[in-house]
Amino acid sequence: MNLEQQLKLQAFLDGELPEHEAREVLAWTQRDSAAAALLAELKNTHQAMTGSELQSSLPESREFFWSKIEREIQRQKPKAAIASDVSFFVALRRWLLPASTVAVLLIAGFAAYFGVPKAGVENVADDDSPTVGNNAGHRRRDDLS
Amino acid sequence: MTRNEQDAIDLSQDAWIKGWQRLEQFHGESSFTTWMTRIIINLCLDHLRKQKRHRTDSIEAMDDESGGVERQMPVVTVNPTANLERTELRKKIDDALDQMSAEHRTVLVLHEFEDLEYKEIAKTIGCSIGTVMSRLFYARRKMAALLADARKEL
């Protein structure tokens, strides 16, 4: 009997086989005495162990056992509160740097796209801007002609 | 699983503390007992893993996987636990568990005492179903042999 067959016997005992395979194994154990003997051994062990966990009692009183757990929980509570405060600042710092970088880039992008106001040019434009450019253009065309 | 009463008490206390800390994660998909049992099992497994890291007997671990010895053992034809009183049987099983490797004992305890299916054990331990099956098989065979030896000594 190879290992695969042995494990199949065990799976049959534990009810882990699909129905058609379970029927095959059952038929096999009825005609093979070695398989039947191994199955019986596995079954005896399984039955002996079921519900046979050794019961042990606490060497200390139940109250003492629970009070130790309670004390440990109480001890860890302030730690957890500090940890949550710290984690808030850590998270804030973690987000603050990328957020401020993005903000700076956006401002720079807006400035580049819409143009930075230049005091000198604006002053000239305020005086007679519509005519300066046009006149210059006419002049250039005149020169060409 | 730990085979040490003090370790078991410490781990059970850790489990209750952990259960308290993670209470928000309990949504009632399983019973509270099942949920707490999972926490205890995981703590025991972590404890065993830590112990294993300190162990130097890697050859023993290899034997656990191959099951070379257990496969060769003759089949125990007589039920070694027949007519034994429950208390006596429990003691004999406990003594036999003491003589097993942590790998075999863990699978046997989870299957026979905690009533977990193969796939649940595999998920809990973090190994394949095939490994669970082979470890359980070798563990059962070893248990049968140890119980038979104990009966001969009577």
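No value in this document is a laboratory result; all are computed from the given coordinates. The structure presented is a predicted model; accordingly, all values stated were derived computationally and were not measured. For neighbour counting, all protein chains shown are included, and Cβ atoms are generated from backbone atoms with ideal geometry for every residue, glycine included.
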One computes Rg over Rh for chain B from alpha-carbon atoms, with the Kirkwood Rh, and obtains 1.00
Using a 10 angstrom cutoff on alpha carbons, build the Gaussian network for chain B and name the most mobile of B:V107, B:V132, B:V78. B:V78
Residue by residue through B:29-36, how many Cβ atoms from other chains fall within 10 Å of the Cβ on average? 0
Could you grab the relative contact order for chain B? Cα pairs under 8 Å, six or more apart, rounded to a whole percent. 28 percent
Given points 7 Å out from each Cα along the Cα-Cβ axis, report the B:S30 to B:V78 separation in nanometres with one decimal. 4.1 nm
